[in-house]
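Working notes, beginning with the structure itself.
The values are calculated or read from the model by the stated rules, or taken from the named source; none is laboratory data. Just so you know, these numbers come straight off a predicted model, no measurement behind them. In this analysis, Cβ positions are derived from the backbone assuming ideal geometry, glycine residues included, and neighbour counts consider all displayed protein chains.
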Amino acid sequence: MKNDLKFSEKIKLSCRNLWKVYGEDPDHYFLNNLHVKKDPAILSKKLSNQGHIVANADVSFNVHVGEIFVIMGLSGSGKSTIVRCLSRLIEPNAGEILLDGENLLEKSEKELIEIRRHKMGMVFQNFGLLPHLTVIENIAFPLKLQGLKEKERLNKAGRVIELVGLNGRENNFIMELSGGQQQRVGIARSLAVEPDVWFLDEPFSALDPLIRKQMQDEFLRIQSVQKKSVVFITHDFQEALRIADRMAIMRDGQIVQIGKPVDLILNPKDNYIKDFTKDVPWESVLQASDIIDKSKKISQTAEEVPFDMPVAKMLPLLSKKTIGVVVVDDDGKRLGMANAQSFVTALATAEN
């Protein structure tokens, strides 16, 4: 799992009480939003009993500036529907989607097209590349839709090609590339518009395991440079652990729990969340800050370790240092003591 990123506390994107229901005229159920907000569970059950398919039920979350927010769940849980509602590729029945404080559901089709072209980057499982265009032409295509002149859009596309490591492939056609290279083109194309928010819907799930891990690494490298506000959809918990700043787990169209990966692992809300986390190797997930023993007085002589150090790397230290180690933040501030006993306590908490 990646180390914590210091994303901004400022909210970039907000999804509030979002509903998406399929069936015969479900919209009339949402004419009065008061009863929706008062008891969404009753409404969801009523809709299902009447033959509707409730894809999303009263979904709410925030995405901060620079944050990777992962939404995960099993097939049919509603996670892909959410990301399509956020971009209004699918129209929700009720709720609000706020981008920089403006409700996207109130935007006209013309306004929405401009927002998609200039503020949103989207990457999907099926890459959607144009086979008759070269790599650089594919990447520059959304810039053409923006109306940029050829020289400017090719210059911008060239900079993104370097970012995703496709130098030398600019004039290749798509069929001449491997699956991983094609996905890089899809990522580069979505970044070419310099989006404010970046939506990725299971972008690596069609790739072989080794290539998938390489693409996850590449994604994290790009994010460390670009610092986009990201909504990333996956059904793979291990993938979510590697990339998420925070994550939401969905079931039957609803969000069951939201939090940092370690929070979900140590404090699962119910057995559904526990099932996702039961095979996770705790020592590779926990960080030094997660095993601080607040009851212990901070030693002035103990060795210091950074707050985001994986516990797996700390174990040799903890086995030798009886009193433990001092956990410090990026500014050198002493946060507390961590020792072998506090590690065992954290594991016991997770098991209960």
Could you list, in sequence order, the residues of the stretch 266-280 that are assigned to a helix (DSSP H, G or I), in contact (Cβ under 8 Å) with a residue 12 or more places away in the chain and over 14 Å from Gly73 (Cβ atoms)?
Leu266
Residues being of a type in the set (Phe, Trp, Tyr) and under 17 Å from the mean Cα position of the chain (by Cα): count how many of those fall in the stretch 257-277.
1
Among what's in the stretch 299-318 and is aliphatic (A, V, I, L, M) and either in contact with a helix residue (DSSP H, G or I) (Cβ under 8 Å, 6 or more places away or on another chain) or under 20 Å from Thr345 (Cα atoms) (or both), pick the residue that is surrounded by the most Cβ atoms within 10 Å (Cβ to Cβ).
Met314
Hey, among the residues in the stretch 219-255 that are crowded, with 22+ Cβ neighbours inside 10 Å and of a type in the set (Gly, Ala, Ser), which one's farthest from Leu200 (Cα to Cα)?
Gly253
I need the full set of residues from the stretch 107-141 which are more than 19 Å from Asn172 (Cβ to Cβ), of a type outside the set (D, E, K, R) and either surrounded by fewer than 12 Cβ atoms within 10 Å (Cβ to Cβ) or free of Cβ contacts under 8 Å to residues at least 60 places away in the same chain (or both), in order please.
Ser108, Leu112, Ile113, Ile115, Asn126
Being exposed (fewer than 15 other Cβ atoms within 10 Å of the Cβ) and of a type in the set (S, T, N, Q), is that true of even one residue in the stretch 77-98?
no
Restricting to the stretch 266-303, count the residues that are touching a strand residue (DSSP E or B) at 6+ places or on another chain (Cβ under 7 Å) and hydrophobic (A, V, I, L, M, F, W, C).
7
Every pair of residues 6+ apart whose Cβ atoms lie under 8 Å, when the first sits in the stretch 306-332 and is hydroxyl-bearing (Ser, Thr, Tyr) while the second is not in a loop (DSSP other than H, G, I, E, B):
Ser319/Ala340
What are the residues in the stretch 129-178 that are of a type in the set (D, E, K, R) and assigned to a loop (DSSP other than H, G, I, E, B), if any?
Lys149, Arg169, Glu170
Where Gly336 falls short, out of the listed (1) on the phi > 0 side of the Ramachandran plot; (2) surrounded by fewer than 20 Cβ atoms within 10 Å (Cβ to Cβ)
(2)
Exactly one of (1) outside any helix (DSSP H, G or I); (2) at pLDDT 85 or above is unmet by Ala188. Its number?
(1)
Expected single match for assigned to a helix (DSSP H, G or I) and hydrophobic (A, V, I, L, M, F, W, C) among Val262, Val305 is Val262
If we keep just the residues of the stretch 223-242 that are under 13 Å from Leu74 (Cα atoms) and assigned to a strand (DSSP E or B), which is farthest from the chain's Cα centre (by Cα)?
Thr234
Could you tell me how many of the residues in the stretch 308-341 are assigned to a helix (DSSP H, G or I) and under 30 Å from the mean Cα position of the chain (by Cα)?
5
Extreme residue, farthest from Leu130 (Cα to Cα), among residues of the stretch 195-208 that are in a loop (DSSP other than H, G, I, E, B) and in contact (Cβ under 8 Å) with a residue 60 or more places away in the chain
Asp196
Going through the stretch 191-212 in order, the residues found to be surrounded by fewer than 19 Cβ atoms within 10 Å (Cβ to Cβ), out of contact with any helix residue (DSSP H, G or I) (no Cβ under 7 Å at 6 or more places or on another chain) and at pLDDT 85 or above are none
Is it the case, given these coordinates, that Ala346 is of a type in the set (A, V, I, L, M, F, W, C) and either touching an Asp or Glu at 6+ places or on another chain (Cβ under 7 Å) or at pLDDT below 85 (or both)?
yes
Check the stretch 284-291 and report whether any residue there is among the small types (Gly, Ala, Ser), in contact with a helix residue (DSSP H, G or I) (Cβ under 7 Å, 6 or more places away or on another chain) and either in a loop (DSSP other than H, G, I, E, B) or more than 25 Å from Leu43 (Cβ to Cβ) (or both).
yes
